[in-house]
Each structure stands twice: as structure tokens, then as C-alpha cells.
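> Sharing a structure, written as C-alpha cells. Questions coming.
What follows is calculated from the coordinates using simple rules that are stated; it is not laboratory data. All values reported here derive from a predicted model rather than from experimental measurement. Note that we place each Cβ from the backbone using ideal geometry, even for glycine, and neighbour counts take in every protein chain shown.
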Amino acid sequence: MSMYVRVKHKKVTYFLHVEPSDSILEVKEKLQALSEQPVDQQRLTLVSTGQVLEDGKTLAEQKVENDAVVALQYKLPDSDQYEEIDIQKHDIDDTAEPHS
Amino acid sequence: MGITKADTVKLISAEGFEFVIHKEAAMISNTLKNMLSSSGGFQETELGEVRFPEISTPILEKLCQFFYYKLRYTNSAAVKNVPEFKIEPEIAIELLMASNFLDC
């Protein structure tokens, strides 16, 4: 059964069709086709739990469900570090921290 | 596998947020369908992006979620228990106007 995830980076959101049986590597390959950033420059984090997603595991194994929000980070130039998670928020967003 | 940029379209909100979605999903909207499939040479068709200076980001994101929701559950007898599509009351009116404009 097909599902989708929302991959967010700065002001851009990619809606990607995925299968629960897809590995994270396969998801990154799909992203590479759209963003032209190589697979090994990407890191994906499940926003709801803050968990970094591992290439070798599937979405289902890491409890990534339909409509989940996944943060995309790129490697910084000439380093092994990744940029900070940077998702610009807008007003009504079910992924945002609740306002007190 | 194998999606390429050509299979997607970028929708840009009033605040400049970009949503990259499959054309197949965008076609849920008759307005977008006409824009993307006409041979009349809409600029949007060539660039693969459509700007909505009057649609705010949360509304546009909700619309995209709806496109995918509809793609998934329309004509799929295999799926039982179709979940409700949640709409926050505070965005209902703006969403209604945007969906009217997009004809979806």
C-alpha cells in the first residue's frame, strides 16, 4: 500500500511516494533525483521522535508512517558534519511544538 | 522507482515556501490539471512550477496532503476504513476558498 512522507529542508517540502518496505537508502535515491544532492551527502531524521534514520533499515522498521515529516540535512562542504536541521515553520503546522 | 524532476511540479506559497509534488497528485486539482496539460504553452508548464501569491503556506501544504490522500483512497476498494481527512477549524474557510479556486 502506497504512502507518502514529507521531506523538509528549509523552505522546501518534497512529497515522496514511498512503500513501508523501502529502505532509507532508496528514499535518499529518490531525493537525489529531485534535489541533485548525492545520497552520501544526505541525512534524514524523523521529526516526531528526533531519530536519525539508518540507510540499511526500512521505513516500517523505523516506524515512519504515512504523512510523516522527515527532516533533510546536507553535509557541510569539506567536512563530515551535517548542517543543523533547518525547517522554517509556518503558522499552523501539526508538527510544530504546541504553544504554551 | 525512478521519479525524475519532470514527473513533479513545484507549488509556491504566498510566503515563498515550496512544495514539490507528483504531477499525478497535482492533477487532482482541475485548475492545475488544465495548467499542466494544456498545449497552449502556459509558462507554468515549461518551468514546472506554479506560484500562488494568494495562498498561504499552511493552506497550500494542506491542499498537497489532500491531493495525496485522495490519490491513495479514491477507487481503491482494497483499502477499508478510510481515515478522516483532518481539517483544523481555524483554516477551514481559507482552505475552502483555495480548494474552490483550484477546483478540487
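> Rounded to the nearest 0.05, what FRET efficiency is calculated for residue A:19 and residue A:85 with R0 set to 25 Å and r the Cβ-Cβ distance?
On the way: r = 25 Å, r/R0 = 1.00.
After rounding, the FRET efficiency stands at 0.50.
> Now for a different question. Fewest Cβ neighbours within 10 Å first, please rank A:64, A:5 accordingly. Walk me through the intermediate numbers first.
Numbers: A:64 25, A:5 22.
Lowest count first: A:5, A:64.
> Under a crude label model (7 Å from the Cα following the beta-carbon direction), how far is residue A:67 from residue B:81 in nanometres?
Taking the two extended label points, one gets 1.5 nm.
> Taking square-rooted eigenvalues a ≥ b ≥ c of the alpha carbon gyration tensor, is the protein assembly as shown rounded, prolate or oblate, where a/c under 1.5 means rounded and, failing that, a/b exceeding b/c means prolate? Let's see the in-between values first.
Details: a/c = 1.40, a/b = 1.33, b/c = 1.05.
Note, shape of the protein assembly as shown comes out rounded.
> Each residue of segment B:23-37 in order: what ³J(HN,Hα) in whole Hz does its phi give by Karplus 6.51 cos²θ - 1.76 cosθ + 1.60, θ = phi - 60°, with x for Gly and Pro?
So the Karplus estimates, Gly and Pro as x, are 4, 3, 6, 4, 5, 4, 7, 5, 4, 5, 4, 5, 4, 7, 9 Hz.
> Compute the FRET efficiency between residue A:52 and residue B:31 as 1/(1 + (r/R0)^6), taking r as their Cβ-Cβ distance and R0 = 30 Å, and round to the nearest 0.05. Numbers along the way, then the final one.
Values: r = 39 Å, r/R0 = 1.31.
Computed FRET efficiency for residue A:52 and residue B:31: 0.15.
> Got a sec? How would A:55, A:22 order by Cβ neighbour count within 10 Å, fewest to most?
On the way: A:55 15, A:22 20.
Ordered by Cβ neighbours within 10 Å, fewest first: A:55, A:22.
> Same structure, new question: Go through segment A:1-63 and name the GluC sites (Glu not before Pro) that are in a DSSP coil and have 13 or fewer other Cβ atoms within 10 Å of their Cβ.
Numbers: sites: A:26, A:29, A:36, A:54, A:61; in loops: A:36, A:54.
For GluC sites (Glu not before Pro) across segment A:1-63 that sit outside H, G, I, E and B with at most 13 neighbouring Cβ atoms in 10 Å, the list reads A:36, A:54.
> Calculate for chain B the 222 nm mean residue ellipticity that helices alone would give, adding -39,500 (n - 2.57) per DSSP H run of length 4 or more and normalising by residue count, nearest 500 deg cm²/dmol. Provide the component values of the computation, followed by the final result.
On the way: 5 runs with 45 residues, N = 104.
One gets -12000 deg cm²/dmol as the mean residue ellipticity at 222 nm.
> Shifting gears a bit: What is segment A:3-74 by shape, rounded, prolate or oblate, if you read a ≥ b ≥ c off the alpha carbon gyration tensor as root eigenvalues and call it rounded for a/c under 1.5, prolate for a/b larger than b/c, and oblate otherwise? Don't jump to the answer; show the numbers that get you there.
Working: a/c = 1.34, a/b = 1.21, b/c = 1.11.
Verdict is rounded for segment A:3-74.
> Next up: Count neighbours as other Cβ atoms within 10 Å of each site's Cβ, and list the GluC sites (Glu not before Pro) in segment B:57-104 that are DSSP loop with at most 11 such neighbours. Could you put the intermediate results ahead of the total?
Working: sites: B:61, B:84, B:90, B:94; in loops: B:84.
For GluC sites (Glu not before Pro) across segment B:57-104 that sit outside H, G, I, E and B with at most 11 neighbouring Cβ atoms in 10 Å, the list reads B:84.
> 222 nm [θ] for chain A, helices only, -39500 (n - 2.57) per DSSP H run of 4+, per residue, to 500?
Calculated mean residue ellipticity at 222 nm is -3500 deg cm²/dmol.
> Determine the gain in length on full extension of the stretch residue B:103-residue B:4; use 0.36 nm per residue of separation and subtract their C-alpha separation, reporting nm with one decimal. Please report the intermediate quantities before stating the final value.
Working: separation 99, 0.36 × 99 = 35.64 nm, distance 2.64 nm.
Result for the pair: 33.0 nm of gain on full extension.
> Sorted from fewest to most neighbouring beta carbons within 10 Å, what does the list B:104, B:64 look like? Each step should come with its number before you reach the end.
Details: B:104 18, B:64 22.
Exposure proxy ranking, most exposed first: B:104, B:64.
> What FRET efficiency comes out for residue B:70 versus residue A:75 if R0 is 41 angstrom and r is the Cβ-Cβ distance? Round to the nearest 0.05. Walk me through the numbers before you get to the answer.
Working: r = 36 Å, r/R0 = 0.89.
In this case the efficiency is close to 0.65.
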